[in-house]
1. For the stretch 36-147, please list each of the helices (runs of 4 or more DSSP H) lying entirely inside it that holds at least 2 residues being farther than 16 Å from residue 160 by Cβ and either under 17 Å from the mean Cα position of the chain (by Cα) or modelled with pLDDT of 75 or more (or both).
2. Residue by residue through the stretch 148-160, note down the ones that are among the aliphatic types (A, V, I, L, M) and either within 17 Å of the chain's Cα centre (by Cα) or under 18 Å from residue 47 (Cβ atoms) (or both).
3. Would you pick out the residues in the stretch 148-165 that are surrounded by fewer than 16 Cβ atoms within 10 Å (Cβ to Cβ) and assigned to a helix (DSSP H, G or I)?
4. Does any residue in the stretch 47-58 that is in contact (Cβ under 8 Å) with a residue 24 or more places away in the chain come within less than 7 Å, Cβ to Cβ, of a residue that is assigned to a helix (DSSP H, G or I) and hydroxyl-bearing (Ser, Thr, Tyr) six or more places away or on a different chain, and which pairs are these?
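The values are calculated or read from the model by the stated rules, or taken from the named source; none is laboratory data. Here the structure is a predicted model, which means the values were calculated and not measured. Cβ atoms come from the backbone with ideal geometry, glycine included; neighbour counts cover every protein chain shown.
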Amino acid sequence: MFFYRKYKEGKREVKKLKINEKVLLEEQIKLRDNELAATVIGFSKRLCTLNHIKEELEGSLLTDQEKVEKTSKTITELIDSASEIATITEKTSSKSPSLTILLREKHPFLTDREIDYCLLTKLNLSIKETASILNVSPTTVKVARSKLKLKMNIPAAISFKEYLNQICTSLKE
């Protein structure tokens, strides 16, 4: 009887430890997701600022046109180098490789760029932020998302974000 009681207590203790471990892992994942989202949003804001500076320089009536063009070219190169989606996509994919794998399994016809749209949408980035990161117009992002929704056969009653969240929920189960 004594050993049976100890066995049951040990079993309960193991169960509690597993639950605590799961909770800690989920909290750690949420923290990393928030950290990545903050990084991406900061990145997006910097790109917006650079684009704004570039537009002001191009609209400027400075007398030294050659200097303005050189500065504008430098800023354009900086914007292009900063808008490398590969780095963000790589980080996003490494944080949720199962989402990328599942998207590729469920929808093998998706291109890498379309997967990028999915990952950035999953990060809850706005259309404007996504456009800034991808260095496209917000209209392009809207059109791409709607085409993706059609291409992936997502019902009209479900939004693109909801669908991606459902996929993530199914991964956790």
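1. Details: elements: 65-82, 85-95, 97-106, 112-122, 127-134.
Of the helices (runs of 4 or more DSSP H) lying wholly inside the stretch 36-147, those with at least 2 residues that are farther than 16 Å from residue 160 by Cβ and either under 17 Å from the mean Cα position of the chain (by Cα) or modelled with pLDDT of 75 or more (or both) span 65-82, 85-95, 97-106, 127-134.
2. As a first pass, look at the stretch 148-160 and keep what is among the aliphatic types (A, V, I, L, M): 148, 150, 152, 154, 156-158.
If the condition is that a residue be among the aliphatic types (A, V, I, L, M) and either within 17 Å of the chain's Cα centre (by Cα) or under 18 Å from residue 47 (Cβ atoms) (or both), then 148 is the only one that fits.
3. Kept after step one, since they are surrounded by fewer than 16 Cβ atoms within 10 Å (Cβ to Cβ), are these residues of the stretch 148-165: 150-151, 153, 155-159, 161-162, 165.
150, 151, 161, 162, 165 - these are the residues of the stretch 148-165 that are surrounded by fewer than 16 Cβ atoms within 10 Å (Cβ to Cβ) and assigned to a helix (DSSP H, G or I).
4. 47/132; 48/132; 54/72; 54/76
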